[in-house]
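Have a look at the structure below before the remarks.
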Ligand code: S3P
């Protein structure tokens, strides 16, 4: 295998924050699929969704997924909340799910000093009723794909990162 760790989980669960803490405590270099897409397209995800639609975005995710599988090793990869749908996900690396109940995730976002922006930049979070439905659809799929699950509820990013590294080590 290529020794990558692939972080999956719902929007706002803290994939980026946990990834940054993992980097501090390990030799991993981290990348983020949303960041890659924004730099490839030279525009924000929100803008891509608005002007091109979701399908266009998913197609870029697909090219990123194929590249990750063929060309990336020993890396911590944070993914957008819908990236898990990529068919080759399991070939990219060990899959780590950051898990938390929907209400806790929303609470976490709202607590953030930059909460407004966090909600605004995620098109699929603009309607919380729809977002809850999406969460309910996705959660069983996330669980099915995960090699490792880290319950992040009421834990700091540091605690989650520590747990993640311990569990990945055991799994590998
Ligand atoms: C999406 C999640 C977002 C981003 C896009 C679509 C999704 O990433 O990829 O807005 O389908 O759940 P985050 O999970 O980092 O918010």
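Derivation of every value follows stated rules applied to the coordinates shown; laboratory data play no part. Predicted, not measured: the structure shown is a model, and the values here were computed from it. Glycine gets a Cβ as well: all are built from the backbone with ideal geometry, and neighbour counts include every protein chain shown.
Taking into account only those residues within the stretch 23-50 that are closer than 25 Å to residue 138 by Cα and more than 12 Å from the ligand (Cβ to nearest atom), which is surrounded by the fewest Cβ atoms within 10 Å (Cβ to Cβ)? Among them, the one singled out is 31. In contact with a strand residue (DSSP E or B) (Cβ under 7 Å, 6 or more places away or on another chain) and within 21 Å of residue 21 (Cβ to Cβ): is that true of residue 97 in this structure? It is true that residue 97 is in contact with a strand residue (DSSP E or B) (Cβ under 7 Å, 6 or more places away or on another chain) and within 21 Å of residue 21 (Cβ to Cβ). Would you confirm whether or not the stretch 10-22 contains a residue that is surrounded by 14 or more Cβ atoms within 10 Å (Cβ to Cβ) and away from the ligand (no atom under 14 Å from the Cβ)? Taking every residue of the stretch 10-22 in turn, at least one turns out to be surrounded by 14 or more Cβ atoms within 10 Å (Cβ to Cβ) and away from the ligand (no atom under 14 Å from the Cβ). Assess whether residue 89 counts as being closer than 26 Å to residue 160 by Cα and touching a helix residue (DSSP H, G or I) at 6+ places or on another chain (Cβ under 6 Å). For residue 89, the condition - closer than 26 Å to residue 160 by Cα and touching a helix residue (DSSP H, G or I) at 6+ places or on another chain (Cβ under 6 Å) - is not met. Cβ-Cβ distances below 6 Å connect the following pairs, each with a first residue in the stretch 110-135 that is closer than 17 Å to residue 47 by Cβ, a second residue that is within 12 Å of the ligand (Cβ to nearest atom) and assigned to a loop (DSSP other than H, G, I, E, B), and a separation of six or more residues or different chains: 122/11; 125/11.
Quick one: count up the residues across the stretch 115-151 that are in contact with a strand residue (DSSP E or B) (Cβ under 9 Å, 6 or more places away or on another chain) and surrounded by fewer than 12 Cβ atoms within 10 Å (Cβ to Cβ).
1
Confirm whether residue 4 is away from the ligand (no atom under 11 Å from the Cβ), surrounded by fewer than 15 Cβ atoms within 10 Å (Cβ to Cβ) and farther than 27 Å from residue 103 by Cβ. In short, no.
Only helices (runs of 4 or more DSSP H) whose full extent lies in the stretch 111-172 are considered here, and the ones with at least 2 residues that are touching a helix residue (DSSP H, G or I) at 6+ places or on another chain (Cβ under 8 Å), within 16 Å of the ligand (Cβ to nearest atom) and closer than 18 Å to residue 20 by Cα are 157-171. The condition (being surrounded by 13 or more Cβ atoms within 10 Å (Cβ to Cβ) and within 10 Å of the ligand (Cβ to nearest atom)) is satisfied by just one residue among 75, 79: 79.
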